[in-house]
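**Student:** Okay, here's the structure, questions in a sec.
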Amino acid sequence: MMRVYIMDAGGLDAADIYADALQLVDPERREQLESRIGKPAVLSLSAGLLIQRAYYDWHRKPGY
(Lines give C-alpha, C1' and ligand atoms only; values in the text may rest on other atoms or scores of the structure.)
Protein backbone atom coordinates (compact mmCIF):
# COMPACT_ATOMS: atom_id res chain seq x y z
CA MET A 1 0.00 0.00 0.00
CA MET A 2 1.24 3.45 -0.86
CA ARG A 3 0.35 6.59 1.08
CA VAL A 4 0.52 10.11 -0.24
CA TYR A 5 1.03 12.98 2.17
CA ILE A 6 -0.09 16.46 1.20
CA MET A 7 0.27 19.62 3.23
CA ASP A 8 -0.77 23.21 2.64
CA ALA A 9 2.39 25.08 3.58
CA GLY A 10 0.73 28.49 3.24
CA GLY A 11 -0.02 28.71 6.95
CA LEU A 12 3.68 28.56 7.79
CA ASP A 13 4.23 31.97 6.17
CA ALA A 14 3.19 33.62 9.43
CA ALA A 15 6.23 34.12 11.67
CA ASP A 16 4.57 32.89 14.86
CA ILE A 17 3.25 29.70 13.26
CA TYR A 18 6.63 29.07 11.61
CA ALA A 19 8.36 29.46 14.99
CA ASP A 20 5.91 27.03 16.62
CA ALA A 21 6.39 24.49 13.81
CA LEU A 22 10.17 24.74 14.21
CA GLN A 23 9.78 23.29 17.70
CA LEU A 24 8.47 20.06 16.13
CA VAL A 25 11.68 19.21 14.29
CA ASP A 26 14.94 17.92 15.71
CA PRO A 27 17.45 20.50 17.04
CA GLU A 28 19.96 20.07 14.22
CA ARG A 29 17.33 20.65 11.54
CA ARG A 30 15.89 23.55 13.55
CA GLU A 31 19.29 25.25 13.61
CA GLN A 32 19.57 24.94 9.84
CA LEU A 33 16.07 26.29 9.25
CA GLU A 34 16.48 29.25 11.62
CA SER A 35 19.14 30.68 9.30
CA ARG A 36 16.85 30.51 6.24
CA ILE A 37 14.11 32.91 5.27
CA GLY A 38 11.26 33.06 2.82
CA LYS A 39 9.52 30.43 0.76
CA PRO A 40 12.47 27.98 0.59
CA ALA A 41 12.53 27.79 4.40
CA VAL A 42 8.78 27.26 4.59
CA LEU A 43 8.90 24.49 1.98
CA SER A 44 11.85 22.81 3.66
CA LEU A 45 10.13 22.88 7.04
CA SER A 46 6.93 21.52 5.48
CA ALA A 47 8.82 18.66 3.86
CA GLY A 48 10.49 17.82 7.16
CA LEU A 49 7.16 17.77 8.98
CA LEU A 50 5.65 15.48 6.33
CA ILE A 51 8.61 13.11 6.56
CA GLN A 52 8.26 12.98 10.34
CA ARG A 53 4.55 12.24 10.01
CA ALA A 54 5.16 9.47 7.49
CA TYR A 55 7.82 7.96 9.75
CA TYR A 56 5.44 8.08 12.70
CA ASP A 57 2.65 6.45 10.70
CA TRP A 58 4.99 3.73 9.43
CA HIS A 59 6.32 2.82 12.87
CA ARG A 60 3.26 3.24 15.02
CA LYS A 61 1.89 0.11 16.56
CA PRO A 62 -1.52 -1.22 15.48
CA GLY A 63 -4.32 -0.09 17.72
CA TYR A 64 -2.84 3.31 18.62
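**Student:** Under 6 Å by Cβ, and 6 or more places apart or on different chains, what pairs join a residue from the range 3-24 that is aromatic (F, W, Y) with one that is surrounded by 11 or more Cβ atoms within 10 Å (Cβ to Cβ)?
**Tutor:** Y5/L50; Y5/A54; Y18/L12
**Student:** Further question: When residues of the range 13-26 are filtered for being assigned to a helix (DSSP H, G or I) and either of a type in the set (K, R) or at pLDDT below 90 (or both), how many remain? Break it down stepwise before answering.
**Tutor:** If we filter the range 13-26 for residues that are assigned to a helix (DSSP H, G or I), which is where we start, we get 13, 15-22.
From what's left, either of a type in the set (K, R) or at pLDDT below 90 (or both): 13, 15.
So the answer is 2.
**Student:** Among residues belonging to the range 1-25 that are among the β-branched types (V, I, T) and exposed (fewer than 11 other Cβ atoms within 10 Å of the Cβ), point out the one that is farthest from L49 (Cα to Cα).
**Tutor:** Restricting attention to the range 1-25, the residues satisfying the condition of being among the β-branched types (V, I, T) are 4, 6, 17, 25.
Those left that are additionally exposed (fewer than 11 other Cβ atoms within 10 Å of the Cβ): 4, 6.
On the way: V4: 14, I6: 11 Å.
Among those residues, the one meeting the criterion is V4.
**Student:** Still on this model: Inside the range 27-40, can you point out the residues that are of a type in the set (A, V, I, L, M) and either touching a Lys or Arg at 6+ places or on another chain (Cβ under 7 Å) or not in a helix (DSSP H, G or I) (or both)?
**Tutor:** The first filter runs over the range 27-40 and keeps only residues of a type in the set (A, V, I, L, M), leaving 33, 37.
Selection gives I37 alone.
**Student:** Inspect all residues belonging to the range 41-52 and state whether any of them is among the hydroxyl-bearing types (S, T, Y), surrounded by 10 or more Cβ atoms within 10 Å (Cβ to Cβ) and not in a loop (DSSP other than H, G, I, E, B).
**Tutor:** Among the residues of the range 41-52, at least one is among the hydroxyl-bearing types (S, T, Y), surrounded by 10 or more Cβ atoms within 10 Å (Cβ to Cβ) and not in a loop (DSSP other than H, G, I, E, B), which makes the answer yes.
The values are calculated or read from the model by the stated rules, or taken from the named source; none is laboratory data. Worth saying up front: this structure is predicted, and the values here are computed from it rather than measured. Glycine gets a Cβ as well: all are built from the backbone with ideal geometry, and neighbour counts include every protein chain shown.
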